[in-house]
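First up is the structure itself, then whatever we jot down about it.
The values are calculated or read from the model by the stated rules, or taken from the named source; none is laboratory data. Quantities reported herein were computed from a predicted structural model and do not represent experimental measurements. Note that we place each Cβ from the backbone using ideal geometry, even for glycine, and neighbour counts take in every protein chain shown. To get the accessible areas, we keep the full protein, side chains included, count just its heavy atoms, and leave off ligands, DNA and RNA. Shrake-Rupley method; radii C 1.70, N 1.55, O 1.52, S 1.80 Å.
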Amino acid sequence: MTNEPGSTPFQVDLRRHLREREEDRDLTRVIYELATASRYIINSIRTGELGVAGTSNLYGETQLELDVLADRIIRKRMTHTGVIACIASEEDDEIQVVDPNGKYSIAYDPLDGSSLVDVNLAVGTIVGIYKGADVLSPGRELVAALYVLYGPRCTLVYTTGHGTHEFAMNALMEYTLVQEDIKIAETGNIYAPGGTRNKYTPAVEAFVSDLEDRGSKLRYSGGFVPDINQVLIKGHGVFLYPHLKGLPRGKLRLLYELNPMAFLIEQAGGAASNGHKRILDVEPEGIGHCEPVFIGSKADVAKVEELIRTLES
Ligand code: F6P
Ligand code: MN
């Protein structure tokens, strides 16, 4: 799908990319509607206008928090696809049943890192898509995952289990292909460490010291989506939000944050672990389930698993 030398460059948009992969039409629809929802979300982030665009003034004069607005925009579009069984949103403490016979269910974080909006740092939307009605399944059951990064550019990265692909929003607010089949190298020299270092356990401290000794550069924004996107697009490195002293399950949520990212990173040849096992094999205990995470270049993730095995078990 690259342009021939000397030929007129053409742009592959998201819909065409999905069509050419012969993805299920309803799955294509869900992904496409999520992409459309992101247009309204980026518009609200950029203009600061809340509760207006894309919502048909449904929310009237009330000014919504951006994350609540993002949630409503996505929820409305998803409900209207007619193919959704259940919706689990980080903004909601219950799973909502739309249609028990629906074909797909989604778990999503509508606006991850929303506390970074006021300081104008990048934020994102993260979505996992399951077949059927069971969103409380391990991440290995995901049929698709995507995130949208609202940065200086707005990009969308998706997988349906056939590689991980990056798209960028153009002036017409359409997503066009930037990079197909992104690949992450075995090891890297950037790291993005979440949590506070004085709370690190011995194995995590040893891991981070080793990264520093190897000359790895610390590159951390505090937003999970841009931090993961950096590892994926640079094609190497590791992100961690580990178990901490006093916070043994870490901070990030399995359903809304970790599983979709683990699927995307694995599809790019990387790995995602909670320090003991693959993130995608963790059985969710509830919608708010948190897990430690080490995600990115395979050898780096294997290294921290080994340190945890030898120093902490
Ligand atoms: O929603 C979780 C989140 O905002 C992520 O985007 C980010 O990785 C993490 O929290 C940062 O958390 P904290 O600043 O509390 O360590
Ligand atoms: Mn979040």
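Computed values, structure above
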| read-out | value |
| --- | --- |
| Checklist (1) part of a helix (DSSP H, G or I); (2) away from ligand 2 (no atom under 15 Å from the Cβ); (3) open to solvent by 10 Å² or more (accessible area, probe 1.4 Å) applied to residue 232, failing item | (3) |
| Selected residue (only one of 212, 166 is surrounded by 17 or more Cβ atoms within 10 Å (Cβ to Cβ) and charged (D, E, K, R)) | 166 |
| Out of 254, 244, sole residue that is modelled with pLDDT of 95 or more, within 16 Å of ligand 2 (Cβ to nearest atom), aliphatic (A, V, I, L, M) and open to solvent by less than 20 Å² (accessible area, probe 1.4 Å) | 254 |
| Residues of the range 101-136 satisfying the condition of being touching a Pro at 6+ places or on another chain (Cβ under 6 Å), within 14 Å of ligand 1 (Cβ to nearest atom) and either part of a loop (DSSP other than H, G, I, E, B) or over 14 Å from residue 35 (Cα atoms) (or both) | 122 |
| Condition met for residue 183 (under 21 Å from the mean Cα position of the chain (by Cα), within 16 Å of ligand 2 (Cβ to nearest atom) and assigned to a loop (DSSP other than H, G, I, E, B)) | no |
| Cβ-Cβ under 7 Å pairs, at least 6 apart or on other chains, the range 96-116 side more than 23 Å from residue 148 (Cα to Cα) and outside the structural domain of residue 84 (by TED's automatic domain parsing), far side open to solvent by 10 Å² or more (accessible area, probe 1.4 Å) and more than 8 Å from ligand 1 (Cβ to nearest atom) | none |
| Matching residues, the range 73-86, being in contact (Cβ under 8 Å) with a residue 40 or more places away in the chain and open to solvent by less than 60 Å² (accessible area, probe 1.4 Å) | 74, 78, 81, 83, 84, 85, 86 |
| Lone unmet requirement of (1) more than 16 Å from ligand 2 (Cβ to nearest atom); (2) under 28 Å from residue 93 (Cβ atoms); (3) surrounded by 22 or more Cβ atoms within 10 Å (Cβ to Cβ) for residue 237 | (2) |
| Per-region count, the range 264-281, residues in a loop (DSSP other than H, G, I, E, B) and open to solvent by 10 Å² or more (accessible area, probe 1.4 Å) | 4 |
| Flag for residue 167 being of a type in the set (Phe, Trp, Tyr), assigned to a strand (DSSP E or B) and within 16 Å of ligand 2 (Cβ to nearest atom) | no |
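Residues are listed down the side, and each one gets a yes or a no for (1) modelled with pLDDT under 95; (2) of a type in the set (A, V, I, L, M, F, W, C):
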position	(1), (2)
26	no, no
36	no, no
45	yes, yes
61	yes, no
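Matching residues to (1) crowded, with 24+ Cβ neighbours inside 10 Å; (2) within 16 Å of ligand 2 (Cβ to nearest atom); (3) more than 26 Å from residue 165 (Cα to Cα):
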{"residue": "88", "(1), (2), (3)": "no, yes, no"}
{"residue": "96", "(1), (2), (3)": "no, no, yes"}
{"residue": "99", "(1), (2), (3)": "no, no, yes"}
{"residue": "103", "(1), (2), (3)": "no, no, no"}
{"residue": "107", "(1), (2), (3)": "yes, yes, no"}
{"residue": "127", "(1), (2), (3)": "yes, yes, no"}
{"residue": "144", "(1), (2), (3)": "yes, no, no"}
{"residue": "147", "(1), (2), (3)": "yes, yes, no"}
